[in-house]
Each structure stands twice: as C-alpha cells, then as structure tokens.
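Here the structure comes first, spelled out in structure tokens, and everything after it is commentary.
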Amino acid sequence: MKIVENSLYLSLSEGVWYLFNFVILLIISRFFGAEKFGEFSFSFAIASIAGMVVDFGINHVLIRDFTKERNKKESLFANAITLRIIIVSILFL
C-alpha cells in the first residue's frame, strides 16, 4: 500500500510542477511578446544543454557512492562540486 501512496504523491507533485511551469510560461510569453519570447526560449534551451553537460552524470555517481561509502559524504560532495566547477570553467572558455 505504501508504494501506491508514494506513486500517487509523486504523480501529483509532477502534475503540479508541469502545471506551474505551463502557467509561468504563459505569463512570460505575454510579458515578452513573440520576438522576445523566442529569444528567451533560445537562451533557455542553451542554458539547459549547458546544464546537462555540467551535470555529466555526476548526480548518479554521487548517489551510488553515497550509498556505498556513508562515512565519506563530505569528501564525495566536495569532489563533485569541484568537478562541476572545472567543467563549467572549461565550458565557458
């Protein structure tokens, strides 16, 4: 029964998140107009792609390592942040 309840909460939270994003997108499109909204969308797409490059699967590795080595969480987190800073630095060169 707990799985069904958790699935329901997850589905509900995802639905609310998508609805919130849709409403915000409507507000932004009305505020900017067609041309500026196109520029905003392009910029947002570039930022999203850059975010994926910066993440580079670090979250998955971090979660896996957190579960294996619980006593090294601080050093693993520090290494992940350092790696992200290095990737961002390379990306913006």
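The values are calculated or read from the model by the stated rules, or taken from the named source; none is laboratory data. What you are looking at is a predicted structure, and each value in this text was computed from that prediction instead of being measured. Cβ coordinates were reconstructed from backbone atoms using ideal geometry, including for glycine residues, and neighbour counts include every protein chain displayed. Side chains are part of the model used for accessible areas, which takes the heavy atoms of the whole protein and leaves out ligands, DNA and RNA. Shrake-Rupley method; radii C 1.70, N 1.55, O 1.52, S 1.80 Å.
With +1 on each Lys and Arg Cβ and -1 on each Asp and Glu Cβ, how big is the dipole of the chain about its Cα centre, in debye rounded to the nearest 20?
Numbers: 9 positive and 8 negative charges, 56 e Å.
I would put it at about 260 debye.
Could you please put Met52, Met1 in sequence from largest to smallest accessible area, using a 1.4 Å probe?
Working: Met52 130, Met1 185 Å².
Most to least solvent-accessible, the answer reads Met1, Met52.
In deg cm²/dmol, rounded to 500, what helix-only [θ] at 222 nm does the chain give when every DSSP H run of at least 4 residues adds -39500 (n - 2.57) and the total is split over its residues?
Numbers: 3 runs with 84 residues, N = 93.
The per-residue figure over the chain is -32500 deg cm²/dmol.
Along its three principal axes, how long is the range 35-93 when you only count alpha carbons? Whole Å, largest extent first please.
That gives 52, 23, 13 Å along the principal axes, largest extent first.
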